[in-house]
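Since the structure comes first, as structure tokens, the remarks are kept for the end.
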Amino acid sequence: MTSPSPSPSSPTSLFGRPSAKERKHLTDALRTETVGGMVLLIAAVVALVWANTPLSGVYDAVRDFHFGIPALGLDLSVQHWASDGILTIFFFVAGIELKRELTVGELRRPAAAALPVVAAVCGMVVPALFYVAVNASGGGQADGWAIPMATDIAFALGVLAVIGTNLPSGIRAFLLTLAIVDDLGAILVIAVFYTSTLNWWAFAGAVAGLILFRVLHINLRVRGWYVYVPLGLVIWGLMYNSGVHATIAGVAMGFLLRVSTSDPDEVSTGERVEHLVRPLSAGLAVPVFALFSAGVAVSGSALAETFRQPEALGVMTGLVAGKFLGVFGGTYLAARFTRARLNPELAWSDVAGVAMLAGIGFTVSLLVTELAFTGGAVTEHAKAAVLIGSFFSALVACVLLKVRDAKYRAMWEEETRDEDADGIPDIDQDADPDRRPTEAARRSEGG
């Protein structure tokens, strides 16, 4: 039996334990993202090493090699196929996850959604303001204001896996929701601010394709990947030619999938597709994008130049200081002026660790960098700044979170304990001194 939901009048718990169903979904999703994060880290290191060896010319040649179908407007470089093409899979999964959270997840309840949403919004606005302030005073280009806005959940989880931190589900759920809202913000920013020209015919064709997608899936209940994959490719191609960033097509298609069912025990189409596609996104799409986007020069002179450029300084201060102040400050304000209360088992230092972890803005930040700047030198410096800012945020977050790892491990063991080996955590069942003595003792002590 799961624990009862809090009444509408009870305070919302910041970093509180999610329901049993949410914890199961969270565990499944984050397990894949953690493995993907490890692959992402490897891909980023390979890109950096490759681009800073005598074989850097080979890296540039492969990255800039063009292929495709020119007659369809799809003659792209390998780098653009990675960022405009294969990364669409990542945004497709993001679209499914976003709809699931808004429809059946934590974001459907305003009280539960308010905390991570406020923290995420502040964590997007404050870094952008940091970037604008640095570049206004230094005479840099303001186009990169959106670069430090995003949080890369896969990279963050990869970092956590490396240092072996067992965050309790409440913190993981907060971090995931924060990243989902960040992704939504990034999607809107890319669609609105980084669409320079619009081919209305191609855009109308993409919209018509999305309508057909919805009719087939929702109204006619047509099943079969052989229908949707070709249709999805057509929608993607039309969206690319429309001038809107092609990854928006992935978000839209993901958002159209059904994520709720009449039977609570039934798995929805969206969840089933997400379960199948998420490993492809985390283990292939994002690492391939990183491989051809993270290869920047890191020589002493190049790094020195990076620290002198206002665009790069704006990105670094936005990711490190802006993200931390935005997420921590937004969380504190939400707790200060609402009925939300910090989980009594945790401390504000835990919020600081998560806020610092949010400064890892790898994937979407690199994508926005490529959209924001056209100059090769500025782009390279901004990419280096993303890597430096993300690395520094990860390093400080690791220190803050590792200090509390003993507490996290105790909370995680409490959440996952299954003394009667029935496959259901003891914390989600009635107290039974015979079958589940540890949990029964915890409850008798008022735990």
Quiz item: For the stretch 281-296, does any single residue satisfy the condition of being in contact (Cβ under 8 Å) with a residue 40 or more places away in the chain, more than 21 Å from S365 (Cα to Cα), open to solvent by 40 Å² or more (accessible area, probe 1.4 Å) and not acidic (D, E)?
Solution: no
Quiz item: Across the stretch 162-182, what is the total count of residues that are of a type outside the set (A, V, I, L, M, F, W, C), open to solvent by less than 20 Å² (accessible area, probe 1.4 Å) and within 19 Å of L115 (Cα to Cα)?
Solution: 5
Exercise. Might you let me know whether the stretch 253-261 holds any residue that is free of Cβ contacts under 8 Å to residues at least 40 places away in the same chain and in a loop (DSSP other than H, G, I, E, B)?
Key: yes
Quiz item: Which residue, of V267, V244, V288, is outside any loop (DSSP other than H, G, I, E, B) and not charged (D, E, K, R)?
Solution: V288
Quiz prompt | V134 more than 14 Å from K323 (Cα to Cα), part of a helix (DSSP H, G or I), at pLDDT below 90 and not polar (S, T, N, Q) | solution = no
Quiz item: If R336 passes every condition in (1) assigned to a helix (DSSP H, G or I); (2) in contact (Cβ under 8 Å) with a residue 40 or more places away in the chain but one, which one does it miss?
Solution: (2)
Quiz item: Can you tell me how many residues in the stretch 64-102 are surrounded by 15 or more Cβ atoms within 10 Å (Cβ to Cβ) and either in a strand (DSSP E or B) or not small (G, A, S) (or both)?
Solution: 23
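So which residues in the stretch 155-197 are assigned to a loop (DSSP other than H, G, I, E, B) and farther than 26 Å from A252 by Cα? Break it down into steps so the answer makes sense when it comes.
First, pick out the residues of the stretch 155-197 that are assigned to a loop (DSSP other than H, G, I, E, B): 164-168, 194-197.
Residues satisfying the conditions are G164, T165, N166, L167, P168.
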Quiz item: Within the stretch 308-321, can one find any residue that is of a type outside the set (D, E, K, R), at pLDDT below 90 and either under 25 Å from A156 (Cα atoms) or crowded, with 18+ Cβ neighbours inside 10 Å (or both)?
Solution: no
Quiz prompt | A119 open to solvent by less than 40 Å² (accessible area, probe 1.4 Å) and assigned to a helix (DSSP H, G or I) | solution = yes
Exercise. Using the structure shown, decide if R272 is open to solvent by 10 Å² or more (accessible area, probe 1.4 Å), outside any loop (DSSP other than H, G, I, E, B) and either over 25 Å from A136 (Cα atoms) or among the β-branched types (V, I, T) (or both).
Key: yes
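The values are calculated or read from the model by the stated rules, or taken from the named source; none is laboratory data. Quick caveat, the model's predicted, so the values are computed rather than measured. With ideal geometry, Cβ positions are generated from the backbone for all residues, glycine too; neighbour counts draw on all protein chains shown. Areas reflect the complete protein model, heavy atoms only, side chains present, ligands, DNA and RNA absent. Shrake-Rupley method; radii C 1.70, N 1.55, O 1.52, S 1.80 Å.
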